[in-house]
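In what follows, a single structure is set out as structure tokens and then discussed.
The values are calculated or read from the model by the stated rules, or taken from the named source; none is laboratory data. Treat the numbers as computed from the prediction; the structure is a model and nothing was measured. Note: ideal-geometry Cβ built from the backbone for every residue, glycine included; neighbour counts use all protein chains shown. When the accessible area is computed, the model is the full protein with side chains, heavy atoms only, and any ligands, DNA or RNA have been set aside. Shrake-Rupley method; radii C 1.70, N 1.55, O 1.52, S 1.80 Å.
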Amino acid sequence: IELSFLNDGRLIYVGAGTSGRLGIVDASECPPTFGTKPTMVQAIIAGGDAAVFASQEGVEDDFEAGARAISDKQVANTDVVCGIAASGRTPFVLGALNQARLQGARTILISTNPVTIVRGFAPDVDILICPDVGPEVVAGSTRMKSGTAQKMVLNMLTTAAMVRIGKTYGNVMVDLQQTNNKLRARSIRTVQTICALDSSTAEYVLRDAGGHVKTAIVMARLSCSRDEAMERLRRARGHVRLAVGDVDVRHA
């Protein structure tokens, strides 16, 4: 996923029912959390937008519809398509993964069935992620333990990828967008804490940096101009640690 992002590729989740909704949730949270473009992490749900709010019975059984959804997204070899299916055999998801492979994309399938079983359903998928959640509390429902496990895996995939492409500094989000008062206050606190500044100075530096947290951090840490900070970040591929000289590029 990291390599896909670095090559302007996308992560596209595909699921039906609960699994599809979980993909939509994770994709929708990436822009406000990590400052990504909305196109960077996307989600497809069987049945379309209507299925987000109300069950669309039968749509998950349409293998060809899954394939068409991938064709419509114009998936390419820089993209990663991640199927989400508790059983590992949902036709809509398998159709999407099959078409993604034909179009050159790398593929992942998340399931809560044993990997030995799921491999039989999806022999050509590049990576299978199959957490063992045990029997559901209510037999026949996969929105409980399976759904919870799937959500955790999705969080791990996007969080790890975002860390590796420089969206964090230490364990702090530094690519957040100041779209509301809460995030504006958080941006100031972030610069204040990382750079050991008082609140007023942090706010001044952040304003001088055009509201860009990463740029403000580099400016404060190196006592440099906005232009120099931006150039350092460009050369460091957006990694603050590299831009301020905290770590060698090979270990970023």
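Output the 0 to 90 degree angle, nearest 10, between the alpha-carbon long axis of helix 181-195 and the longest principal axis computed from the alpha carbons of the chain. With rounding to tens, the tilt is 60 degrees.
From Cα pairs below 8 angstrom and at least 6 apart in sequence, can you work out the relative contact order of region 45-159, rounded to a whole percent? Contact order relative to length: 21 percent. In the context of the full set of protein chains, residues of the chain present 51 Å² of accessible surface per residue (probe radius 1.4 Å, heavy atoms only).
Working from Cα positions, state the angle (0 to 90°, nearest 10) between the long axis of helix 226-235 and the longest principal axis of the chain. Helix 226-235 and the main axis of the chain meet at about 40 degrees.
Can you give the Rg/Rh ratio of region 123-190, where Rg is from the C-alpha atoms and Rh is the Kirkwood radius? Working shown, then result.
On the way: Rg = 17.6 Å, Rh = 15.2 Å.
With Rh from the inverse mean 1/r over Cα pairs, Rg/Rh is 1.16.
Helical content of the chain, expressed as a calculated mean residue ellipticity at 222 nm, amounts to -14500 deg cm²/dmol (DSSP H runs of 4 or more residues, -39,500 (n - 2.57) each, divided by residue number, nearest 500). Accessible surface of region 132-212, 1.4 Å probe: 54 percent of it comes from carbon and sulfur atoms.
Over the Cα atoms of region 25-84, the radius of gyration divided by the Kirkwood radius equals 0.99; this is the Rg/Rh ratio. Here the scattering of region 77-219 is modelled by Debye summation over its C-alpha atoms, one equal scatterer each and no solvent; at q = 0.10, 0.20, 0.21 Å⁻¹ the log10 of I(q)/I(0) is -0.54, -1.04, -1.12. Placing one identical point scatterer on every Cα of the chain and ignoring solvent, what is log10 I(q)/I(0) from the Debye formula at q = 0.10, 0.13, 0.18 Å⁻¹? With no solvent term, the Cα-only Debye profile gives -0.56, -0.83, -1.21. Model label sites at residue 64 and residue 78, defined 7 Å from Cα along the beta-carbon direction, differ in position by 3.2 nm. Residue by residue, region 210-220 carries 3J(HN,Hα) couplings of x, x, 8, 4, 4, 4, 4, 5, 5, 4, 6 Hz when phi is fed to the Karplus relation 6.51 cos²θ - 1.76 cosθ + 1.60 (θ = phi - 60°); x denotes Gly or Pro.
The angle between the Cα long axis of helix 63-72 and the longest principal axis of the Cα atoms of the chain comes to about 30 degrees, rounded to the nearest 10.
The slack between residue 8 and residue 116, meaning 0.36 nm per residue of separation minus the straight C-alpha distance, is 35.5 nm.
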